[in-house]
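Take a look at the structure below.
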Amino acid sequence: MSPRRRPLARTANLVAALLALAVLGQLAWHGGGPLPALGPMLEPTTGVWAGAANAELPRDGTLRLRGLRAPVRVVFEPGGVPHVRAASRHDLWLAFGYLHARFRLFEMDLARRQASGRLAEVLGPDQVASDELELRLGLRHTAEAAWAELRPGDPAREALLAYADGVNDRIAEARDGHRLPSFFTLLGYQPQPWTPVDSLVVQGNETQLLTFDDSALINQILSDRLGAARAADWFPVQPPNQALPYDPGPYAGAGRAGAGGRPRPRAAIAGVEGLHRQLRAVPQVRSAGDPGNSNAWAVDGSLTASGKPLLAGDPHLPLSLPSIWFQIDADAPGYQVSGVSIPGLPGVVIGRNRHVAWSLTSVENQATFFYAERTDRAHPGRYFWRGAWRPLRNRVERLKVKGEADRRVVVPVTVHGPVLTRRHLTVAVDWLGAEPSPDLRVLLRVGQAASGAEVREALRDWASPSQAFVYADDGGHIGVVAAGRYPTFAKGVDPSRVLPGTGEADLTGSIPFEAIPQAHDPPSHMVVTANQRPVGPGYPWYIGTSLVLFGPSYRAAGITRALQGRTGLTMADMRAIQLRTIDPLATSLLPWLLRALPPGGADQLQGRMRALLAAWDRDMREDSAAAAVWGTFWDHYLDEVFGPWWRAKGLQAAGVSLDELATRLTPTLETWTLRDPDGPSLRAPDGARRSAEDLARRAFAGAAAELRRRLGPDPTRWRWGSLNRLQIASLSEIDSLGYGPAPRGGDERTVNVNAGPLATDGPSWRFIADLGSGAAAGIYPGGQSEDPASPWYRNGIDDWWEGRDRPLRTLDQAAALGGSVTWSLRP
């Protein structure tokens, strides 16, 4: 299936829609099953007929916005990117809020509802588990505390106030003109006014997406069932293969704090598996198997054609329609920035100004810590901490459920944080995202920076989520700062597992800013970050393990290899690297595998498969037969090595999936295969010796059987894209409003990632900037509008899919384009 939309497909969709209307007519006024009553959708003044006006593209005109202090000019490119020019930052942020709400109001409302624990109020009982977790984590309380810390005159406070006014201008305009997005009518509610706290809740929602995980619970389960030594062998603190840290040291600091070697023996903790299953029932809890998947790099002028730095980035996040991003160009005194923003928040997150460009990747350090509190029936309502029984502080929340009575949620809180469960085990979570973080203030300062040095100085205050900011400036400087708060622990404490809550394992402080991972104008003339561990083995503080949560170094290796030994680099070269689908693991292991396999193959089919691999260029192209062989073989090889342990130790029954952790286990298996192919690590659970060669041959036979069954007997007709697909889902969870699934190249190790077999994450915003020419380009797989009927709903997907991007233009350049539209916003 081609990823492009065909006229035939549109006709088929129309026919299907007309057939569906016949069914909907019967349900319209009464509903049916989970389907809400749709009668209100057909009201002539408030239903889909009025909502369809939202799908119309903007036209030249004048709009009146309450709260503006002076006129604001907005120019829309034909593809939907707005360019905003205001006489003050107040008016800029007000226009910012209006534009976000004009095109993404329903997305914004869902985001604030999810983080506030208010989805069930409009979506029903299926969202109770999600809401209960959010009420326990207390993101809204965190947002309220963050707002209280902002004093009058603070630029972030002023931005949030003006932004909220702009959002509310649009809500009032849409409500009064009966033009609210149709999803509000479908679900039977109207959006409440927007507040600055709502924006900070959206900020917390993004922090949770990036940092809240249950990896420490998984590590505890692995340690309990495998033994601590074997679990540490599988998931070591230091990467077992080439790490490629962007901050290789030397490091200041005496001694090694926190976990460093093998964990000390400790009794198993009953009840952890139940908590793990409880959290996995909630979709916004991040999986330990998530490989992170973001890239950003910069090269200085000694390697470029322009003589000034080049920067490229592509943060990998859940792909959806509408997108997490909204592209915008903003121009006001003291703030001229172009790039992508998050609907619900003022400011540009990734982009460029006149002097600096920057992009972000997740650092992947551990940010979620679990504490097993000591409780006793003899001391009800108390927990033991630092030598005394302390009272639990109960926070009472109200959970509203559509069609049901409100529920009362009691959240016990200890010194470590909210208690997530009291079934067989009292576990509290200390999550860094639950603390107020001045991220918006920092982002605004980054957008105003005139040099990389000013970017670095702004990042001193960044707390959570930890992000690697890669920057390049027109003065010729490049660098990366892994900004964030990194907690420290007493020596010998192992935070990668569940910690005792009695006090000896508490956080002791934070790593000083000067000692956090970073690099500035390195002698290599490049900085590369792709979620790999950012520091070498000499780093004196614990920041996480290969399970919690750093990704393997394969993408970093792919980028570095593509840059090494080259000069005269251009934006086109950066683009080619972003689209690279060479698998570094195949580059490393394929010579060994070809030696391990019989030259003629164990049978005719395996012989033909081996011949495909022998002639292969290691490129995981969608149309490659050899890529299908390699990808299927590696899955079987992992299962041959680790599957017997999974079954013997009941890990699957404990809720820990081998498929989930396969990405994390890959560097370990690569290292065993190349360095110790007959070693003890490869032994079976019963102690039987196994060699890498024998296991690989069995895996190759299993891959042959699977490929024959799934793709047919002729290997020349096999295609990697038949096994590896990508889907861009609709936030509404209506399949027809999404995109795909469609065949896709790449895998979880390629720079252009596609962690199949059905990927839903990927490069959410490809961005390139040349600090010499001042040119920049970007693309995300979606459109500016959340309305499925709008031409701007998915108009970026085809370019993104085919590897094209679009220039970031100035307002004057946009106004000169045919088909551009100009608004005059007036008080």
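The values are calculated or read from the model by the stated rules, or taken from the named source; none is laboratory data. No experiment lies behind these values; they were computed from the predicted model shown. Cβ sites come from the backbone with ideal geometry, for glycine too, and all protein chains shown count toward neighbours. Protein only, heavy atoms only, side chains kept; ligands, DNA and RNA dropped before computing areas. Shrake-Rupley method; radii C 1.70, N 1.55, O 1.52, S 1.80 Å.
The C-beta contact set for segment 184-198 (first residue touching a residue at least 24 places away in the same chain (Cβ under 8 Å), second residue surrounded by 20 or more Cβ atoms within 10 Å (Cβ to Cβ) and among the charged types (D, E, K, R), distance under 7 angstrom, 6+ apart or interchain) comprises PRO191/ASP109; ASP198/ARG112.
The residue that is nearest to PRO125 (Cα to Cα), among those in segment 384-399 that are open to solvent by 70 Å² or more (accessible area, probe 1.4 Å) and within 32 Å of the chain's Cα centre (by Cα), is ARG398. Might you let me know whether segment 548-560 holds any residue that is touching a Phe, Trp or Tyr at 6+ places or on another chain (Cβ under 9 Å) and modelled with pLDDT under 95? Yes: segment 548-560 contains one or more residues that are touching a Phe, Trp or Tyr at 6+ places or on another chain (Cβ under 9 Å) and modelled with pLDDT under 95. Considering segment 443-465 alone, what residues qualify as being free of Cβ contacts under 8 Å to residues at least 60 places away in the same chain and either touching a Ser or Thr at 6+ places or on another chain (Cβ under 8 Å) or crowded, with 22+ Cβ neighbours inside 10 Å (or both)? Of everything in segment 443-465, those that are free of Cβ contacts under 8 Å to residues at least 60 places away in the same chain and either touching a Ser or Thr at 6+ places or on another chain (Cβ under 8 Å) or crowded, with 22+ Cβ neighbours inside 10 Å (or both) turn out to be LEU459, TRP462, ALA463. The criterion of being in contact with a Phe, Trp or Tyr (Cβ under 6 Å, 6 or more places away or on another chain), open to solvent by 10 Å² or more (accessible area, probe 1.4 Å) and outside any helix (DSSP H, G or I) holds for PRO685. Pairs meeting the criteria (first residue in segment 343-362 and closer than 21 Å to GLY782 by Cβ, second residue basic (Lys, Arg) and open to solvent by 10 Å² or more (accessible area, probe 1.4 Å), beta carbons under 8 Å, at least 6 apart or on different chains) are GLY344/ARG112. Among the residues here, GLU670 qualifies as assigned to a helix (DSSP H, G or I) and closer than 22 Å to ALA755 by Cα.
Table: residues versus (1) hydrophobic (A, V, I, L, M, F, W, C); (2) in a loop (DSSP other than H, G, I, E, B); (3) in contact with a Phe, Trp or Tyr (Cβ under 9 Å, 6 or more places away or on another chain).
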position: PHE183; (1), (2), (3): yes, no, yes
position: PRO191; (1), (2), (3): no, yes, yes
position: TRP194; (1), (2), (3): yes, yes, yes
position: VAL201; (1), (2), (3): yes, no, no
position: ASN205; (1), (2), (3): no, no, no
position: ALA216; (1), (2), (3): yes, no, yes
position: ASN219; (1), (2), (3): no, no, yes
position: LEU222; (1), (2), (3): yes, no, yes
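Listed by position, the strands (runs of 3 or more DSSP E) inside segment 724-807 whose residues that are within 19 Å of the chain's Cα centre (by Cα) number at least 2 are 725-730, 761-763, 766-770, 776-779. Looking only at residues of segment 146-167 that are open to solvent by 40 Å² or more (accessible area, probe 1.4 Å) and touching a residue at least 12 places away in the same chain (Cβ under 8 Å), we find that the one that is nearest to VAL411 (Cα to Cα) is TRP147.
Checking ARG280, ARG225, ARG266 one by one, the residue that is modelled with pLDDT under 80, open to solvent by 30 Å² or more (accessible area, probe 1.4 Å) and not hydroxyl-bearing (Ser, Thr, Tyr) is ARG266 and no other. Which number in (1) at pLDDT 95 or above; (2) crowded, with 24+ Cβ neighbours inside 10 Å marks the one condition that ARG497 misses? All conditions pass for ARG497, except number (1). The residue pairs whose first member lies in segment 771-795 and is over 21 Å from PRO58 (Cβ atoms), whose second member is open to solvent by less than 10 Å² (accessible area, probe 1.4 Å) and among the β-branched types (Val, Ile, Thr), and whose beta carbons are closer than 6 Å, counting only pairs six or more residues apart or on different chains, are ALA777/ILE768; PRO781/ILE728; PRO781/ILE797.
Here ALA530 fits the description: at pLDDT 95 or above, under 21 Å from the mean Cα position of the chain (by Cα) and of a type in the set (Gly, Ala, Ser). Of the residues ASP214, ASP154, ASP233, ASP247, the single one that is at negative phi, in contact with a Gly (Cβ under 9 Å, 6 or more places away or on another chain), among the charged types (D, E, K, R) and modelled with pLDDT of 90 or more is ASP247. Does ALA626 fit the bill of being of a type in the set (Gly, Ala, Ser), open to solvent by less than 40 Å² (accessible area, probe 1.4 Å) and at pLDDT 95 or above? When the stated conditions are applied, ALA626 passes them.
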